[in-house]
């Protein structure tokens, strides 16, 4: 998704893991571990497919590449991994690309075939909200 903020603003905004629930509403909480800032505990709560879905995991942020890539993998809980890549489009905009891989949790096995398009839509809407959040983040940050 193209976002109308400089790449450094988008990167800084996405790096603020504890703010992610503000623009990715199905993520209920993200808490960075005080003694290990590369680890964070995530909680997901969402109603879909006629079920109340609650999942959690502990994730390790891998070594980031500033203004280019943030990536992670889960260590326990819901098995998942992913990356967010940032590509410059000019001085005041960038492309943000999100990729996620995961194992289908047992509670969702009966609807596994519908899960991928559902999640792609959900994550796409989250990126749209991220674009709005990043513009606000930019406006709120010191120049």
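Miscellaneous remarks
- Boolean, residue 135 is touching a strand residue (DSSP E or B) at 6+ places or on another chain (Cβ under 9 Å), modelled with pLDDT of 95 or more and under 25 Å from residue 11 (Cα atoms): no
- Tally of residues being surrounded by 13 or more Cβ atoms within 10 Å (Cβ to Cβ), within 17 Å of the chain's Cα centre (by Cα) and in a loop (DSSP other than H, G, I, E, B) across the range 61-116: 6
- Screening 34, 18 for residues that are touching a strand residue (DSSP E or B) at 6+ places or on another chain (Cβ under 6 Å) and modelled with pLDDT of 95 or more leaves exactly one candidate, 18.
- Test: residue 82 is under 24 Å from residue 132 (Cβ atoms) and free of Cβ contacts under 8 Å to residues at least 12 places away in the same chain: no
The values are calculated or read from the model by the stated rules, or taken from the named source; none is laboratory data. It should be emphasised that the depicted structure is a prediction, and the values quoted were computed from it without experimental measurement. FYI the Cβ positions are ideal-geometry reconstructions off the backbone, even for glycines, and counts take in every protein chain you see.
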